[in-house]
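Here the structure comes first, spelled out in C-alpha cells, and everything after it is commentary.
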Amino acid sequence: MISFEMPESIRKTAVLMETIADNMMRPVARYFDEHEHEIPWDYINFMHEAMKQMGVGSITPKEGKKKRKGPRLGFQRQAFMLEMLSWGDSGLFLCTPGGGLGSATVLAAGTPEQKERFLSCHTGDKPTFDAMALTEPHAGSAMPAEVRTTAVRDGDEWVLNGEKIFVTAGHKALVDSDGFVVIWATIDPAAGRAGVRPFVVEAGTPGCTVTKLEHKLGIRASDTVSIVLQDCRVPFENLMGSPEVKKKKTKGFKGAMATFDATRPLIAAMAVGVARAALESVKQMLEEHEIGIRYGLPRSRLTNIEREIIDMETMLRSTWLLTIKAMWLADERKPNTIEASMCKVRAGDLVVKVTQRAVEIMGPLGYSREYLLEKWFRDAKINDLYEGTGQINRLIVARRILDYSRHELS
Amino acid sequence: MYSFEPDEEQRMLIEAVERYATNDLRTAAHDADEAGELPVELIEKGWGLGVLQASIPEAYGGFGDRSAVTGVLAAEAMGWGDLASALAVMLPATYAMPVLLGGTEEQKTRWLPPVIEAEWKPYVAAFIEPSFDFYAGDMRTTAKKNGDVYLLNGEKAYVPFAETAEAFLIYAVVDGQTQAFIVPAGAEGLTIGEREKLMGIGALPTYQVKMDDLLVPLESKLGGEQGFDFSPVLASTQVAIAALAVGVSKAALDYALPYAKEREVWGVPIAQKQAIAFMLAEMATEVEAIRLLVWEAAWMLDVGKEASKEAYMALNGASDMAMTVTDQAVQVLGGHGYIREHPVELWMRNGRGISTFAGLAMV
Ligand SMILES: Cc1cc2nc3c(=O)[nH]c(=O)nc-3n(C[C@H](O)[C@H](O)[C@H](O)COP(=O)(O)OP(=O)(O)OC[C@H]3O[C@@H](n4cnc5c(N)ncnc54)[C@H](O)[C@@H]3O)c2cc1C
C-alpha cells in the first residue's frame, strides 16, 4: 500500500531535533563559522547527554536486539534527524558525538562482535567520535580501487602504512576523544579493489597521527584532517571482512559499497536540510517585505521570484521523497544502490542551486555575513563533493540502469 | 508508515494497463498521430480495462471506490503507451469525476450511470480557455443567474471530441468562484468550432467551443444551489496530468536507453560516453523523483488532506520533467531523434504540452 504517512515516532524525533536545532545550533552557527577549529563543546556535551537519555548511545541505527514491533524505521528516522540537524547547522551537525561515518562502516561491514566492541566506546560518560578514512592524496573518486595505504599481517596484528586526507571528524575521533577511525587499506596491492578492507584504528594507537587540519569554504565547525599511518599496529580482529583475497571475488570491497548505500541518502538528507533552511529563510525575508508566494498560478502570472521559489520547493520536496524512499528500502533490507545514488545526485544539485539562488535573490542581504544565507551557500557545496561527487553518483546510476560494469563505463 | 509499494490489486491493474499500453497504444500511436485520428476499437479496449468504472461506487453504476493513487498508477502506465490515446480513454473521467466529487446525490444518480454503465462515449469537459495566461482559478467564461436559469458566456479550447460529445461539463465563473455546469450536446447557444491544430496529441480531436447566452437550468449546476468545491477537482486533474507526464517521460527514457547501448560512435556504444550516460542517469533520477511527488499528492487526496499546493507542485515538477526528459531523449538519438520514424519527437511535442493540459484528465 503506497503511503506517505510520517510515522508518529519519527515525528516526535523530528520535533525534538528541531528544538535542538533552534536552540543549540542556530544561535552559535555564525560563531563557529568564524572561529574555525574551535570545538563546540556545549553542543557536543548537550547531544551526548541527550542521546544517553534517549537511550541511544549513537545516532547510527543499530541492529535492535529487542523484538521489533512493526516495521524497521532506523534509517528513515536517521534521515529525518540529519535533515533537521543540518537545517540547524550542517557544520555543527558533523560534530555530533556518538557515531558518524566510522560507525556506519562498522555497522555495514563488521561482525556482531566487532559492532559490540567498537561501538561501545560511544556509550561511555564522555562524548566520543569516529571517522572514516578512504580518500588519499592521489585519489578520491577512484577509491577504493586506488587505495595505497597498506595493511601487512604480522602474527596477530596488522601493520598499517600510508596517508589519508580529508577525514571528517578525524581530529575529534583521535585527538579530542577516545574514538576510532576506520582506515581503508589494501591487504594485497596486486589484487586492486578486491584487496581493500576497512580496519578500525582506535584513538591512542601508536603510529597513527593527525598531521593537518584543513581550512575550508564551509562547514567550518567540522574538522577535516590528514592522518598519517606509520607502522601503525592494530589487533588482527580490527580487520572487517575476510583476511583472504579470493580470486575474482570482491567481497571485502562490497563492504564499502554497502556503507555508501546507507550513507549516501544520509548526505542527501543533510543537503535537503541545508536547502530547506535557505529556502525557508528567503521566504521569511520576503514575507517581511510583504511578498507572499501565490501558489497555484500559472507561470505566466507569477513574478520571477515566485517562480523561482516554487520551482525550488518542487525540487526540494521531490528530492526529499526520493531520499526517504532510499532509506525505506534500506530499512526493508532491499537493494537501494540506485536510489541511494539518485537521491545523492539530486540533493547535491538541489542544495547548490537553492543556496546559490537564495543569495542571489536576497541581493546585498544574501551576500552579507549578517545573515546565514551566504554561510549556507558555502556549506552547501560539500554535499556535491563527498560520499561520491555528483559525477561519480551519476556514473553509478548510469551503470545500474545500463547494466554496465566499471570497465564499460568509467 | 511510508511505503512505496502498490498493493496487489493495484499491481494487477498496472499490469493490465501496461499490456494494453505496450500491445495496443504503442503500436497504434505513430499512425494515429499522423492520421489525426484514433481507432474507436483502441479507445473501447482501453475503456474496457475499467479504470474509471472501478473508482465509481456501485450506487452510481461503477464497482469500486475512488483512489487517486490507483488512478495515477494507471495514468502513468497509459501515458507510457501514448498520451493522445490515454487522454481519449480517460476522457469520460473529466466529466464523471467532478460529478462524483462535487455533485449532489441526485446529480450523481442521474449523471453518472449513463457514463459508467455504457461503452465508451465522449462525455467531455470544457475547461481550458484560449488565452496565454489561462488560470483555472480565474476563468473568463462566466455564468450569470437570470431567474431560474444560468446564462453562460465565453470561449473554451482543447475540448476533446466536442463534435461528437454526448454532454459537456462546462466550467465558468459564478460570483468569483469556478463552478461547473452540465450541458447536453446541441444546446442552443453552444457553438462547436473548427477542429484545433496542435503541436502534439494530434490523434486526439479537440475543438474550440463558444458559449453565447447559453441557457442552463439551475439543477444543472454542479453541487446544486451552493455549488461545489473546485479545489479537489483541480488537484485531481493536476495529479492526473502529472502522472501521464511521468509515463511519457518514462517512455522516452525506456526508448533512449537501449538505443544508446546499440548505437556506436568510433567503435563504442554512445552509452559508454559519459555525456550520454549522465543524461540517461539524470532522466532516470528525474522520473523517479517526480513520480514520488505525484504519488504523494494523490495519496493526500485519498486520505482527505488539503492537497492543492502539493498537486500544483506535482504538475509544476512534472511539466519541467516532461520537457527536459523528452528533449534529452531526442538528444540521445541525435538527428534520428528528429525523424518521425522514432517516437521520441512525438513525446517531445507531447511533453511540452503538459504545462497546458490541466483539465484534460482526472483521477
Ligand atoms: C570537507 C570534506 C570532508 C571529507 N570527508 C571525508 C571523509 O570523512 N572520509 C573520506 O574518505 N573522504 C572524505 N572527503 C573526501 C571526498 O570524498 C573526496 O574529496 C571526493 O570523493 C572527491 O575526490 P577528490 O577530491 O580526490 O577529487 P577527484 O577524484 O580528483 O575528482 C576531481 C573531479 O573529477 C571528477 N571525476 C573523477 N572521476 C571521474 C569519472 N570517472 N568520471 C567523471 N568525472 C570524474 C570529480 O567528480 C571531480 O569533479 C572529504 C572531502 C572534503 C572536502
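The values are calculated or read from the model by the stated rules, or taken from the named source; none is laboratory data. Owing to the predicted nature of the structure, the values given are computational and were not obtained by experimental measurement. Reconstructed Cβ throughout: ideal geometry from the backbone, glycine too, with neighbour counts over all protein chains shown. For accessibility, only protein heavy atoms count, side chains too; no ligands or nucleic acids. Shrake-Rupley method; radii C 1.70, N 1.55, O 1.52, S 1.80 Å.
Computed quantities for the displayed model
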item	result
Most fluctuating residue given options B:A75, B:A185, B:A172, as computed from a GNM of chain B linking Cα atoms under 10 Å	B:A185
Tensor-based shape of the stretch B:1-85 (alpha-carbon gyration tensor, a/c under 1.5 rounded, otherwise prolate or oblate)	oblate
Listed residues A:V282, A:I338, A:V272: farthest to the positive end of the dipole of the stretch A:262-348 (Cβ charges)	A:I338
Residue pairs, from the table A:K69/A:K126; B:K45/B:K250; A:K115/A:K353; A:K325/B:K305; A:K172/A:K283; B:K121/B:K309, whose Cα atoms sit over 28 Å apart	A:K69/A:K126; A:K115/A:K353; A:K172/A:K283; B:K121/B:K309
Within 10 Å of each Cβ in A:291-303, the average number of Cβ atoms from other chains	4
At most 15 other Cβ within 10 Å, DSSP loop - chymotrypsin sites (Phe, Trp or Tyr not before Pro), the stretch B:6-68	B:F63
Chain A: most fluctuating residue of A:E288, A:E36, A:E237 per GNM, C-alpha cutoff 10 Å	A:E288
The stretch A:133-180: GluC sites (Glu not before Pro) in DSSP coil with no more than 12 other Cβ atoms inside 10 Å	none
Selection from A:G218, A:S86, A:T111, by position along the positive dipole direction of chain A (Cβ)	A:T111
Number of partner chain Cβ atoms within 10 Å, mean per residue of A:389-398	4
Gaussian network model of chain B, springs between alpha carbon atoms under 10 Å - residue of B:E196, B:E341, B:E129 with greatest fluctuation	B:E341
With DNA, RNA and ligands ignored, accessible area of A:I165 (1.4 Å probe; Å², nearest 10)	30
For residues of B:4-11, the mean tally of beta carbons on other chains within 10 Å	3
Solvent accessible area, Å² - A:V182, 1.4 Å probe, full protein context	0
Burial ranking of peptide ranges A:71-79, A:278-286, B:293-301 (average Cβ count within 10 Å, highest at the top)	B:293-301, A:71-79, A:278-286
Total formal charge among the other residues, if their Cβ is under 14 angstrom from that of A:W41, Lys/Arg +1 and Asp/Glu -1	-3
Potential extension, A:R233-A:D156 segment - 0.36 nm per residue separation minus Cα distance	26.7 nm
Between 0 and 90°, nearest 10: helix A:390-402 axis offset from chain A longest Cα axis	80
Relative contact order (%) - the stretch B:1-130, alpha-carbon pairs under 8 angstrom, separation at least six	28
Cα shape, the stretch A:30-178, gyration tensor, a/c 1.5 rule	oblate
Theoretical FRET efficiency, 1/(1+(r/R0)^6), r = Cβ-Cβ of B:K197 and B:D148, R0 30 Å, to 0.05	0.15
Calculated [θ] (222 nm, deg cm²/dmol) that DSSP helices of n ≥ 4 give over chain A, each run adding -39,500 (n - 2.57)	-15500 deg cm²/dmol
Virtual spin-label span in nm between A:Y367 and A:E18, 7 Å along Cα→Cβ	3.4
At least 24 Å along the helix axis (C-alpha) and Kyte average at least 1.6, DSSP helices within chain B	B:83-102
Largest-first ordering by accessible area, 1.4 Å probe, given options A:F180, A:F166, B:F132	B:F132, A:F166, A:F180
Sites matching GluC sites (Glu not before Pro) across the stretch B:93-123 that sit in DSSP coil, with at most 11 neighbouring C-beta atoms within 10 Å	B:E119
Size of electric dipole in chain B: Cβ of Lys, Arg +1 and of Asp, Glu -1, about Cα centre, debye, nearest 20	540
Expected 222 nm ellipticity per residue - DSSP helices of 4 or more, -39500 (n - 2.57), all of chain B, to 500	-16000 deg cm²/dmol
Counted charge near A:R406, where neighbours are those whose Cβ lies closer than 13 Å (Asp, Glu -1; Lys, Arg +1)	0
19 Å tail of the calculated P(r), the stretch A:257-410, as % of Cα pairs	56
